[in-house]
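A.B. asks: I'd like to ask some things about the structure below.
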Amino acid sequence: MPELKIVENNGLLTPGQAAQYLQVKLSTIYNWSMRRILPVCKLGRLNRYRKIDLDNFISKNMTEVQRL
């Protein structure tokens, strides 16, 4: 997988970059954004995602695996 490059625009990611960062499909990013599961920043008509919000999303949605 190619390395994720974050352009110095306050850590804002495009939907494609957010999908790559979270390792999910682009359609999942759009779905989560529409359902307000994933925080999104609107720049005019463009959706952008703050890296810190994505990190918080990961932390909140992690589950522990129980061993038998």
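No value in this document is a laboratory result; all are computed from the given coordinates. What you see is a predicted model; the values in this text were computed from it and never measured. Please note: Cβ atoms are built from the backbone with ideal geometry, for glycine as well, and neighbour counts cover all protein chains shown.
A.B. asks: Could you give each residue of the range 25-42 its phi-based ³J(HN,Hα) in whole Hz, using Karplus coefficients 6.51, -1.76, 1.60 with θ = phi - 60°, and x for Gly or Pro?
C.D. replies: The phi angles translate into 6, 4, 4, 5, 4, 4, 4, 4, 5, 5, 8, 6, 7, 10, x, 10, 9, 9 Hz.
A.B. asks: Report the relative contact order of the chain, percent, no decimals, based on alpha-carbon pairs under 8 angstrom and at least 6 residues apart.
C.D. replies: Values: 53 pairs, mean separation 19.7, N = 68.
It rounds to 29 percent for the chain.
A.B. asks: Which length gain, in nm to one decimal place, applies between R36 and R67 when the Cα-Cα distance is subtracted from 0.36 nm times their residue separation? Show your work: numbers first, answer last.
C.D. replies: Numbers: separation 31, 0.36 × 31 = 11.16 nm, distance 3.24 nm.
The span from R36 to R67 would gain 7.9 nm if fully extended.
A.B. asks: As I understand it, the value is the acute angle between the Cα axis of helix 51-60 and the longest principal axis of the Cα atoms of the chain; what does it come to in degrees, rounded to 10?
C.D. replies: 20
A.B. asks: How would you order 25-35, 58-68 from highest to lowest mean count of nearby Cβ atoms within 10 Å? Mind dumping the intermediate values first?
C.D. replies: Numbers: 25-35: 14.0, 58-68: 6.4.
Going by the mean number of other Cβ atoms within 10 Å, highest first, we get 25-35, 58-68.
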